[in-house]
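The structure appears below as structure tokens.
The values are calculated or read from the model by the stated rules, or taken from the named source; none is laboratory data. Keep in mind the model is a prediction, meaning the values are calculated, not measured. Neighbour counts are summed over all protein chains in view; Cβ atoms, including those assigned to glycine, are modelled from backbone coordinates with ideal geometry. Areas reflect the complete protein model, heavy atoms only, side chains present, ligands, DNA and RNA absent. Shrake-Rupley method; radii C 1.70, N 1.55, O 1.52, S 1.80 Å.
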Amino acid sequence: MKVIVGLGNPGREYEHTRHNVGWWVVDHLADVWHFGAWRTDGSAAVASGRMGNRVVKLLKPLTYMNRSGVVLIPFARRPSWSAASDLLVILDDIALPIGTIRFRTRGSSGGHNGLKSIEESLDSRDYARLRIGIQPADPQQEVGDLADFVLSPFGVRDRKTIAELLPRVTETVEQWVNG
């Protein structure tokens, strides 16, 4: 079973924020892959389906970002599941320019609270992550307080840039699922 976690924060006030890009991606994947309705399972919203012969679960943690890892504890307890080969985390990254993605099979949290929580819950850094750049395209735009920036909504141009990136992100995720 492949598990794909989109990081974000629950609540309408966070729905359109930069920090919820991971949720945007898994919502898009659920639509493209025709996985059906999201259902609540423990601390996550889950959409499930098959890609070829693989079972895929899309998760949106319903905890806040800094507690995202708790949704993975039940998977980590399964003897047939390995975070190193069966987990992909999709998240925002302020260090990457908007419109770019970066895929890695392991690494550090880079200061991201969602990844810190996942590392703590899994006691490992060995899992794939797909980072979506949210750094402003305009070099003159001040980020200011980082928390305020990531919890603020995208402007129209940046939102469009993310929407145009979704087909490439989908292709990348499909390649990961298929090995």
Which condition number in (1) at pLDDT 90 or above; (2) acidic (Asp, Glu); (3) open to solvent by 10 Å² or more (accessible area, probe 1.4 Å) is the one that residue 145 fails? (1)
Could you please let me know if residue 61 is of a type outside the set (Phe, Trp, Tyr) and touching a strand residue (DSSP E or B) at 6+ places or on another chain (Cβ under 6 Å)? yes
Only one of 129, 104 is of a type outside the set (S, T, N, Q) and surrounded by fewer than 18 Cβ atoms within 10 Å (Cβ to Cβ). Can you tell me which? 104
Count, please, the residues in the range 41-55 that happen to be touching an Asp or Glu at 6+ places or on another chain (Cβ under 8 Å) and crowded, with 18+ Cβ neighbours inside 10 Å. 0
Could you check, for the range 111-122, whether at least one of its residues is open to solvent by 70 Å² or more (accessible area, probe 1.4 Å), at pLDDT below 90 and either of a type outside the set (Val, Ile, Thr) or touching a strand residue (DSSP E or B) at 6+ places or on another chain (Cβ under 6 Å) (or both)? yes
Scanning for something modelled with pLDDT of 90 or more, within 21 Å of residue 176 (Cα to Cα), open to solvent by 20 Å² or more (accessible area, probe 1.4 Å) and aliphatic (A, V, I, L, M), does the range 66-89 turn up at least one residue? yes
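Okay, residues lined up against (1) out of contact with any helix residue (DSSP H, G or I) (no Cβ under 9 Å at 6 or more places or on another chain); (2) β-branched (Val, Ile, Thr):
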residue: 77; (1), (2): yes, no
residue: 89; (1), (2): no, yes
residue: 109; (1), (2): no, no
residue: 113; (1), (2): no, no
